[in-house]
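Undergrad: Please see the structure below; I have some questions.
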Amino acid sequence: MRPYFAILYDSLIESVSSRVLWILLACWTLILLALFPLSLSEGESYQVRTADVATPKAVLDQLANASAGRGTRAQRAIYEKLDPDFQDSLRERQKTGRKIFVGRLVAALNTAIENPDFYNADAWPTAVRRADLKLLIEKPNKDPQELQKLNRRLLDLAFPNVIKSSLGQASWVTYGGMRFTDPLPLTVRQIRPFIESTLFPFIMWIGLGQVAMIVAIVITSPMIPDMFQTGSLHLLLSKPLSRSLLLLSKYLGGCIFVAINIGYLIVGLYFYAGLQLGIWNNGILWCIPLFIFSFMIFYSVSALAGLIWKNPIICVVVTALFWGACFTVGIVRGLAEGFLRGPPTLQRITVVGETPIVANQQGRIQFWNDAQRQWQTAYGDVNGQRVIGPVWSESEQMLMFSRPPFLPFGLTTGDASRLELARLPELSVDSSMDTAVKSSDSNDGGVQTGEGMQPQEKIASTKKLWDDARLDSGPDLPSDTLEMIAWKDTFLAVSPNGLYRYDPVAASLAEESKVSLFGFDVKIPQAEEPYQLLTPNDWGMQRPIAVEASPARDAVIVCSGGKLASFRLDNGKLVVIQELALEFPPETIVSLAVTGSRAIVCPKAMVPIVVDLDQMQVVQSLEGMGKVTIKRTATDALGRAALLTVDGSLWTVRPSDSDPKQLIASKLNLPGQGDASTITFDAANRLWVAHTVKQLDVWDATWSRSERSFRPKSTIPELIYEWIINPFYLVNPKPSAINETIQYVLRNPENKTNALDRADLDIPQIEQDPWQPIWSNALFIVFMMSIGCWYLYRQDL
């Protein structure tokens with residue numbers, strides 16, 4: 001083997017002595033030197049951000065009214081502190097309805113809160129009653145940061161529910177220690193997971209997977225053709241060398257050249273991420289062999305082209321065509337997966353009697369049509385929205401929900417979401433829902449029905465039962481409503497401004513008091529609003545927020561801003577009974593499950609803990625679950641809870657038989673485990689589990705057997721995807737799929753979910769085998785090099 005090692009050694013020496021190598025290394029060095037001063041810094045800032053203004057129109061209208069001497073004293077005091085030009089614009093808006101851009105409003109408010117004379121005791125008479133504000137007001141010499149904090153708090157008091165309270169936490173992008181951006185609406189702890197899971201893979205894919213790979217292919221393309229230059233190959237073959245091993249040695253020599261470049265650059269990026277961003281991710285180093293492997297795929301094509309045509313230019317062209325073909329196959333498969341694979345994932349279940357009503361990730365409310373064995377859309381065909389709720393009201397016999405546009409990472413449109421009220425059909429024995437009987441787990445699946453009607457009549461009747469005529473509009477939800485929680489036969493609207501109880505009686509009166517004026521509906525003001533704020537104004541809620549109602553305790557449990565609070569109804573208001581400071585950052589996403597006197601608190605990517613609500617202290621840690629991210633919880637009347645992780649694993653938590661005060665967590669052995677999307681309990685303590693995109697199982701109260709199964713039949717587009725498009729993609733070479741493996745090794749297990757708010761946890765986590773592209777592409781490399789060896793043996797050299 002010594003001659004072959006000699007060839008590899010010569011290739012290494014040739015690479016090291018190459019001017020191209022040193023030019024590339026110099027370029028990488030300059031890039032790293034330019035990158036190193038770029039960093040992140042964290043500090044305190046109370047500036048108003050555009051995202052903080054929940055309803056810009058309301059703020060502008062209130063300030064415009066203040067310009068005419070109307071509105072609250074605080075709003076008039078703020079108007080007096082605005083710059084004259086903006087005051088003129090507000091007066092013009094008061095007269096003519098002139099439009100003012102949100103950016104200008106934010107700039108004017110930020111200028112105003114820098115004013116040292118912003119506070120006015122007459123305008124804010126209750127401010128001194130708040131402990132935090134009293135200290136700032138009475139302090140004689142306030143520094144700029146304290147002044148900004150005080151004025152921002154006063155601004156929040158002047159515009160409750162329309163300007164969000166500031167956490168005071170901010171981060172900046174810095175270069176050489178200098179801040180050259182406005183404060184980012186995220187903390188460094190929130191930014192780092194996104195850098196690891198999103199920015200790093202993107203940089204690796206674009207910078208190294210695309211640009212650097214093209215450079216590597218162009219530079220190494222002459223290596224195989226140069227072997228056939230006059231005298232070169234004959235000199236090598238004059239020794240007793242195998243032609244196959246000779247080709248493989250030259251092939252590996254080209255890989256050595258690329259390995260030196262890739263290794264140098266990625267090691268530099270690793271130390272940059274650790275020293276400047278505080279991210280010591282060993283997955284960055286694992287990208288070195290992955291990128292070398294990716295290069296080997298393309299270089300096998302280039303090497304074969306070099307053997308056949310012995311021309312470097314043709315090598316580059318053939319490799320580029322191969323790249324384009326693989327890219328096209330990947331795009332076709334991606335589009336087919338989105339349009340042909342089937343309906344979006346089920347994300348909500350509401351059970352009314354024996355009837356399941358589901359909501360999918362597109363915002364569609366669906367029912368089971370047994371005649372067609374499909375989930376069928378009811379109450380309007382929407383797209384690209386998310387469902388808040390649904391909540392079933394037994395007294396009103398209404399299904400209540402909302403379908404606002406979906407914006408990730410806690411972003412909002414600033415517009416109020418419309419409440420929708422739907423009447424369920426009176427399902428008779430002839431309906432496909434109520435005549436459903438227990439189905440087996442046979443291949444044809446579905447829920448069997450009785451013999452009341454012909455199939456086509458059943459289909460038409462079922463569609464009519466769920467048509468839009470049964471849908472009505474209710475009053476708009478409070479601004480920035482995040483969730484609807486079932487409570488006392490109505491619901492609580494959860495918002496950063498507090499918890500609001502929906503009063504259907506007041507809503508009905510408000511609806512009846514509308515009069516028509518010149519063709520427009522005008523609402524006469526009522527003494528009662530349809531939504532009553534129950535929480536006190538001084539208990540500030542901060543996103544993300546988790547809320548669970550506890551019927552057994554007649555209480556509401558809230559987790560927000562790093563603290564857990566128990567609220568109880570007193571004279572129509574929710575008052576704080578007890579609070580507990582939790583040992584994790586205030587921006588941590590939390591899921592809650594309340595069973596009797598225990599609250600299971602599940603922080604994102606942490607071990608769930610159990611809090612005794614009577615003593616308000618942590619009494620247990622569910623170590624057996626490990627560090628998990630829970631996206632959905634459900635509890636039954638027996639004191640048991642079901643916890644669903646973002647990766648589709650279902651855990652159950654129940655009291656121990658030996659010690660009922662201790663909770664035991666375990667995984668259920670059921671179909672769809674690892675691919676579940678949502679859960680709920682019904683009145684009979686049965687567990688309903690949606691899994692595998694659109695399948696549904698109903699487990700009895702002992703969780704030992706499935707009583708009903710809903711198995712939609714595959715459509716023709718789904719069959720085309722499953723049996724033609726996906727198999728064709730799997731057997732084809734797919735260099736770009738190595739990016740999935742790179743994302744896997746870069747992903748920090750504690751930051752596997754890109755989420756800044758609870759709604760982000762519903763984004764489907766597509767889990768694929770990260771190593772499948774390695775094996776399939778390795779077979780392709782072996783195939784291409786085998787052809788090259790066979791071709792070289794056939795040549796008369």
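The values are calculated or read from the model by the stated rules, or taken from the named source; none is laboratory data. Just so it is clear, the model here is predicted, and its values are computed rather than measured. Quick reminder, even Gly has a Cβ in these numbers, built from the backbone with ideal geometry, and neighbours come from all protein chains shown. For the accessible areas, the whole protein counts, side chains as well, though only heavy atoms, and no ligand, DNA or RNA atoms are used. Shrake-Rupley method; radii C 1.70, N 1.55, O 1.52, S 1.80 Å.
Undergrad: How about region 745-762: which of its residues are among the acidic types (Asp, Glu) and either in contact with a Leu (Cβ under 8 Å, 6 or more places away or on another chain) or at pLDDT 75 or above (or both)?
TA: Listed by number, the residues that qualify are ASP757, ASP760, ASP762.
Undergrad: Can you name the helices (runs of 4 or more DSSP H) wholly within region 178-220 that have at least 1 residues being in contact with a Lys or Arg (Cβ under 9 Å, 6 or more places away or on another chain)?
TA: Where helices (runs of 4 or more DSSP H) fall fully within region 178-220 and carry at least 1 residues being in contact with a Lys or Arg (Cβ under 9 Å, 6 or more places away or on another chain), they are 188-194, 200-203.
Undergrad: Which number in (1) open to solvent by 10 Å² or more (accessible area, probe 1.4 Å); (2) more than 16 Å from THR72 (Cα to Cα) marks the one condition that ILE113 misses?
TA: Going through the list (1) open to solvent by 10 Å² or more (accessible area, probe 1.4 Å); (2) more than 16 Å from THR72 (Cα to Cα), ILE113 breaks only (1).
Undergrad: Residues in region 640-667 that are closer than 18 Å to PHE710 by Cβ and not in a strand (DSSP E or B): how many?
TA: Of the residues in that region, 1 qualify.
Undergrad: Hey, can you tell me all the residues within region 716-742 that are under 19 Å from VAL332 (Cβ atoms) and among the polar types (S, T, N, Q)?
TA: ASN726, ASN732, SER736, ASN739
Undergrad: Say whether the condition of being of a type in the set (D, E, K, R), modelled with pLDDT of 90 or more and on the phi < 0 side of the Ramachandran plot is met by at least one residue in region 687-694.
TA: Taking every residue of region 687-694 in turn, none turns out to be of a type in the set (D, E, K, R), modelled with pLDDT of 90 or more and on the phi < 0 side of the Ramachandran plot.
Undergrad: Another question, then. I want to confirm something. Restricting to region 158-212 and keeping residues that are among the charged types (D, E, K, R) and open to solvent by less than 50 Å² (accessible area, probe 1.4 Å), which single residue is farthest from the chain's Cα centre (by Cα)?
TA: Across region 158-212, the extreme among qualifying residues is LYS164.
Undergrad: If you go through region 538-584, how many residues are open to solvent by 50 Å² or more (accessible area, probe 1.4 Å) and of a type in the set (Gly, Ala, Ser)?
TA: The total comes to 2.
Undergrad: Do we find a residue being modelled with pLDDT under 90 and outside any helix (DSSP H, G or I) anywhere in region 281-293?
TA: Yes - at least one qualifying residue is present in region 281-293.
Undergrad: Taking region 668-681, which residues are part of a strand (DSSP E or B), open to solvent by 20 Å² or more (accessible area, probe 1.4 Å) and polar (S, T, N, Q)?
TA: THR680
Undergrad: Restricting to region 640-663, what's the tally of residues that are farther than 21 Å from ALA552 by Cα and open to solvent by less than 70 Å² (accessible area, probe 1.4 Å)?
TA: Total meeting the criteria: 8.
Undergrad: Can I ask one more? Pick out the one residue from SER656, SER591 that is small (Gly, Ala, Ser) and touching a residue at least 24 places away in the same chain (Cβ under 8 Å).
TA: SER591
Undergrad: Going through GLU114, GLU92, GLU80 one at a time, which residue ends up being assigned to a helix (DSSP H, G or I), over 17 Å from ASP61 (Cβ atoms) and of a type outside the set (A, V, I, L, M, F, W, C)?
TA: Just one listed residue meets the conditions, GLU80.
Undergrad: In region 479-490, what residues are over 20 Å from VAL575 (Cβ atoms) and not aliphatic (A, V, I, L, M)?
TA: Once the filter is applied, which keeps residues that are over 20 Å from VAL575 (Cβ atoms) and not aliphatic (A, V, I, L, M), region 479-490 yields SER479, ASP480, THR481, GLU483, ASP489.
Undergrad: With respect to the numbered conditions (1) more than 30 Å from VAL611 (Cβ to Cβ); (2) aliphatic (A, V, I, L, M); (3) touching a helix residue (DSSP H, G or I) at 6+ places or on another chain (Cβ under 7 Å), which one is the sole condition not fulfilled by ALA665?
TA: (1)
Undergrad: Could I ask something else about it? From (1) assigned to a strand (DSSP E or B); (2) in contact with a Lys or Arg (Cβ under 7 Å, 6 or more places away or on another chain), pick out the condition that doesn't hold for PRO585.
TA: It fails just one condition, (1).
Matching residues to (1) within 23 Å of the chain's Cα centre (by Cα); (2) of a type outside the set (S, T, N, Q); (3) surrounded by fewer than 22 Cβ atoms within 10 Å (Cβ to Cβ):
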| site | (1), (2), (3) |
| --- | --- |
| LEU346 | yes, yes, no |
| VAL352 | no, yes, yes |
| PRO356 | no, yes, no |
| GLY363 | yes, yes, no |
| GLN372 | no, no, yes |
| ASP381 | no, yes, yes |
| VAL391 | no, yes, yes |
| LEU399 | no, yes, no |
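Undergrad: Name the residues in region 610-624 that are open to solvent by 30 Å² or more (accessible area, probe 1.4 Å) and in a strand (DSSP E or B), would you?
TA: Across region 610-624, the qualifying residues are GLN617, VAL618, VAL619, SER621.
Undergrad: Hey, can you tell me all the residues within region 285-302 that are over 18 Å from GLN210 (Cβ atoms) and of a type in the set (A, V, I, L, M, F, W, C)?
TA: Across region 285-302, the qualifying residues are LEU285, TRP286.
Undergrad: Another question, if that's okay. Of all residues being within 18 Å of PHE36 (Cβ to Cβ) and open to solvent by less than 20 Å² (accessible area, probe 1.4 Å) in region 258-271, which is nearest to the chain's Cα centre (by Cα)? Just the residue, please.
TA: ILE266
Undergrad: From SER17, SER67, SER11, which residue is at pLDDT below 85 and open to solvent by less than 50 Å² (accessible area, probe 1.4 Å)?
TA: After applying the criteria, what remains is SER11.
Undergrad: Looking only at region 80-110, filter to residues that are closer than 24 Å to GLY168 by Cβ and either in contact with a Lys or Arg (Cβ under 6 Å, 6 or more places away or on another chain) or small (Gly, Ala, Ser) (or both); which one of those is modelled with the lowest pLDDT?
TA: Residue satisfying both the conditions and the ranking: GLY103.
Yes/no per residue for (1) loosely packed, with under 14 Cβ neighbours inside 10 Å; (2) part of a helix (DSSP H, G or I); (3) of a type in the set (S, T, N, Q); (4) in contact (Cβ under 8 Å) with a residue 24 or more places away in the chain:
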site	(1), (2), (3), (4)
TRP703	no, no, no, yes
ARG708	no, no, no, yes
PRO712	no, no, no, yes
GLU718	no, yes, no, yes
TRP723	yes, yes, no, no
PHE728	yes, yes, no, yes
PRO733	no, no, no, yes
ASN739	no, yes, yes, yes
TYR744	no, yes, no, yes
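Undergrad: From the list SER440, SER473, exactly one residue is among the polar types (S, T, N, Q) and modelled with pLDDT of 85 or more. Which is it?
TA: SER473
Undergrad: Sticking with this one: I need the full set of residues from region 14-67 which are more than 30 Å from ARG192 (Cα to Cα) and of a type in the set (A, V, I, L, M), in order please.
TA: VAL16, VAL20, LEU21, ILE23, ALA58, VAL59, LEU60, LEU63, ALA64, ALA66, listed by residue number.
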